[in-house]
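The values are calculated or read from the model by the stated rules, or taken from the named source; none is laboratory data. Here the structure is a predicted model, which means the values were calculated and not measured. Backbone-built Cβ (ideal geometry, glycine too); neighbour counts: all protein chains shown. Ligands, DNA and RNA are stripped out before the accessible areas are found, and what is left, the full protein with its side chains, is counted by its heavy atoms. Shrake-Rupley method; radii C 1.70, N 1.55, O 1.52, S 1.80 Å.
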Amino acid sequence: MIRHHEILALFEPILKPISEGVIICQTGGSILSINNATRRMFGIAESDNVLSLSNLGGHNLRISLIRAGLELNDGVHHHCEMALEFDEEICVNGETRWLRIDYCPLELPDHAKSLRMIMLRNVTAEKRLDAFMAEKDACGVSTNDPDMVRLIRRLTTVAASDASVLLQGESGTGKTELARLVHRRSPRHHHPFVEVNCGAIPATLIETELFGHVKGAFTGAVKDREGRFKAADGGTLFLDEIGELPRELQPKLLRVLQDGEYEPVGSDKTTKVDVRLVCASNQDLPDLVDIGHFRADLYYRIAVVPLQVPPLRERPGDIPLLLQVIRQRLTLRDYPANIIFGEDAMRSLMNYPWPGNVRELANAIEHSIICADDGLVTSESLPDAIRRYCEVRNVPVSSASDTPEENPRAQIENALQLARGNKTRAAQILGIDRTTLWRRMQRLGLD
């Protein structure tokens with residue numbers, strides 16, 4: 001029978017140069033061999049040769065292995081006999097590190113069930129990148145604005161409950177990112193977060209998209225399909241553009257919110273789900289209720305916590321912060337990191353009203369970096385819409401004595417006054433859609 005020390009003597013020259021950590025140990029936790037990479041990961045001195053899984057640089061890896069084994073236990077094998085893979089957070093000299101740990105029995109002749117091998121890989125950089133992309137990709141959440149800070153605090157408080165949340169605000173303000181924030185900070189964060197844009201799905205398909213269908217329910221239904229409610233079971237369902245939901249489907253949505261029950265299309269069997277609902281709309285839902293396009297009972301059910309997301313033009317102080325966040329995100333996509341935004345470009349970004357909000361800002365920054373001249377973003381590097389707006393603001397306008405009918409600027413100002421600043425109502429007064437109003441206001445230099 002080959003002794004342990006003879007086996008380890010064979011392993012030693014192989015394990016020593018490997019960049020990943022390797023530990024060979026006995027089932028009780030006594031360490032027989034450890035390579036230099038493991039010592040570096042845990043901050044263990046080369047002179048320290050009395051080692052145990054229970055104390056690796058102050059970290060109890062044995063407890064972590066037992067915990068992981070119990071969580072994955074299949075009821076048949078003892079956790080010591082199972083192959084495990086999990087991530088573990090450790091702290092070495094005040095620095096947090098993440099290790100990916102692979103643990104398995106070491107199959108050797110005449111040593112059945114006596115030795116184990118643990119491989120460790122430092123995944124700290126990956127974890128930080130994942131965290132960065134999860135938080136910073138949602139750049140609309142980055143803010144120093146007092147109103148936005150209050151909104152995020154309220155969302156954090158509400159997230160702990162199962163209350164339905166309604167986020168209202170203009171397109172591009174970051175409603176989707178805020179919905180994701182609710183999910184991440186809720187007890188449901190380990191379960192699915194499912195997004196549905198009600199405005200992007202034809203009215204004829206939205207019911208099967210949400211509730212699924214059974215085979216043969218309609219032409220083309222060649223197999224059963226679970227809907228988004230079922231996919232989000234235990235987690236959060238985010239319905240964007242909820243105001244576009246067909247009125248005939250609204251009672252079915254109301255029922256699943258009240259009772260947690262529905263029938264897939266073509267089925268008479270009731271399906272039960274446990275779903276937390278977050279909705280968003282860039283339309284004024286109370287207005288839709290008033291004109292009969294949206295059910296009042298459904299509105300009050302989805303708007304247990306109604307919140308208004310402020311547009312970017314009302315928080316211009318966030319623009320420098322968002323600029324840095326978006327630039328960092330673009331750097332991860334291999335855009336140059338040394339681009340400088342000149343004073344004239346920054347002045348234009350701060351003065352522009354941003355009808356597309358944070359989404360438009362992100363596109364404008366990407367455009368500007370691409371068009372930068374020798375690493376400097378000037379006003380000439382900015383998108384045409386921003387440059388034209390800033391140029392128009394410096395051009396004298398028509399005489400104030402013109403009547404509203406003769407002066408387009410006066411027409412818009414008069415409509416805004418009648419609508420008390422509500423641009424949606426002002427567009428209705430002018431007989432144009434809201435996007436057209438925004439474009440005209442940009443051309444005329446109106447905030």
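When L322, L245, L239, L332 are screened for being in contact (Cβ under 8 Å) with a residue 40 or more places away in the chain and out of contact with any Cys (no Cβ under 6 Å at 6 or more places or on another chain), only L332 passes. The residues of segment 263-302 that are polar (S, T, N, Q) and open to solvent by 50 Å² or more (accessible area, probe 1.4 Å), listed by number, are T270, N282, Q283.
As for segment 310-317, it holds no residue that is open to solvent by 70 Å² or more (accessible area, probe 1.4 Å) and more than 28 Å from E244 (Cα to Cα).
Just one of (1) open to solvent by 50 Å² or more (accessible area, probe 1.4 Å); (2) of a type in the set (K, R); (3) modelled with pLDDT of 75 or more fails for R3. It is (3).
Kindly evaluate P187 against the criterion of being over 24 Å from R247 (Cα atoms), surrounded by fewer than 20 Cβ atoms within 10 Å (Cβ to Cβ) and out of contact with any Asp or Glu (no Cβ under 8 Å at 6 or more places or on another chain). Yes; evaluated as a whole, the condition is true for this residue. Does D334 satisfy being acidic (D, E), farther than 18 Å from G199 by Cα and at pLDDT below 90? It is true that D334 is acidic (D, E), farther than 18 Å from G199 by Cα and at pLDDT below 90. Determine if segment 104-114 includes at least one residue that is open to solvent by less than 30 Å² (accessible area, probe 1.4 Å) and at pLDDT below 85. Looking for residues that are open to solvent by less than 30 Å² (accessible area, probe 1.4 Å) and at pLDDT below 85, one finds at least one in segment 104-114, hence yes.
Looking only at residues that are open to solvent by 50 Å² or more (accessible area, probe 1.4 Å) and at pLDDT 85 or above in segment 376-421, which one is farthest from P311 (Cα to Cα)? My answer is L376. Search segment 47-76 for residues being modelled with pLDDT of 85 or more and touching a Leu at 6+ places or on another chain (Cβ under 8 Å), and hand back the single one that is most open to solvent (accessible area, probe 1.4 Å). Here the answer is R62.
A Cβ distance below 7 Å, combined with a sequence gap of six or more or placement on separate chains, defines the contacts here; from segment 267-287, residues that are at pLDDT 90 or above and in a loop (DSSP other than H, G, I, E, B) reach residues that are of a type outside the set (D, E) and open to solvent by 70 Å² or more (accessible area, probe 1.4 Å) in the pairs V273/K230. Among the residues making up segment 115-148, those that are modelled with pLDDT of 75 or more and in a loop (DSSP other than H, G, I, E, B) are V123, S142, T143, N144, D145.
Of the residues making up segment 333-344, those that are over 14 Å from E380 (Cβ atoms) and either crowded, with 18+ Cβ neighbours inside 10 Å or not aromatic (F, W, Y) (or both) are R333, D334, P336, A337, N338, I339, I340. Within segment 222-262, if we keep just the residues that are buried (at least 16 other Cβ atoms within 10 Å of the Cβ) and assigned to a loop (DSSP other than H, G, I, E, B), the residue that is modelled with the lowest pLDDT turns out to be G227.
Go through the residues of segment 212-231 one by one and say whether even a single one is closer than 24 Å to A163 by Cα and out of contact with any helix residue (DSSP H, G or I) (no Cβ under 7 Å at 6 or more places or on another chain). There is at least one residue in segment 212-231 that is closer than 24 Å to A163 by Cα and out of contact with any helix residue (DSSP H, G or I) (no Cβ under 7 Å at 6 or more places or on another chain). Is it true that R347 is under 15 Å from I386 (Cβ atoms), out of contact with any helix residue (DSSP H, G or I) (no Cβ under 6 Å at 6 or more places or on another chain), surrounded by 14 or more Cβ atoms within 10 Å (Cβ to Cβ) and of a type in the set (D, E, K, R)? Against the criterion (under 15 Å from I386 (Cβ atoms), out of contact with any helix residue (DSSP H, G or I) (no Cβ under 6 Å at 6 or more places or on another chain), surrounded by 14 or more Cβ atoms within 10 Å (Cβ to Cβ) and of a type in the set (D, E, K, R)), R347 does not qualify.
Scan segment 149-183 for residues that are charged (D, E, K, R), surrounded by 16 or more Cβ atoms within 10 Å (Cβ to Cβ) and in a helix (DSSP H, G or I) and jot them down. Across segment 149-183, the qualifying residues are K175, E177, R180.
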